[in-house]
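Laboratory data are not the source of any read-out in this text; all were calculated from the coordinates shown. Here the structure is a predicted model, which means the values were calculated and not measured. So basically every Cβ, Gly included, is an ideal-geometry build from the backbone, and we count neighbours across all protein chains shown.
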């Protein structure tokens with residue numbers, strides 16, 4: 001009986017050591033690739049964000065052409081004033097005025113519809 005428990009204990013220890021090595025290898029390979037991203041975003045807030053984005057895009061499409069063009073290039077395509085000027089040939093001052101007016105129109109529409 002003593003021999004059987006001794007062999008079982010050796011087998012058990014070998015198995016445990018093997019598993020420890022395999023698990024360590026598995027997680028050692030992942031260590032550099034793990035990138036945890038914590039967010040307070042909930043599914044509900046994501047849905048509201050998507051709905052808001054859709055609504056804002058609708059409002060932008062309804063703007064007069066020159067405002068829509070400038071606000072899209074500047075904010076959505078992330079171009080600077082000089083790049084917008086090269087594309088549209090609008091003077092830089094005009095671009096700034098169009099941006100100001102477009103933002104004002106969007107803000108008014110959003111406030112009218114209950115957005116802060």
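Once Rg and the Kirkwood radius are both taken over the C-alpha atoms of the range 43-112, their ratio Rg/Rh works out to 1.04. Spin-label pair residue 103-residue 68: with each label point 7 Å from Cα along the Cα-Cβ axis, the two points sit 2.2 nm from one another. The label-point distance for residue 88 and residue 51, in a model that sets each label 7 Å from Cα toward Cβ, rounds to 3.2 nm. The modelled label-to-label distance between residue 110 and residue 10, using points 7 Å beyond Cα along the C-beta direction, is 7.4 nm.
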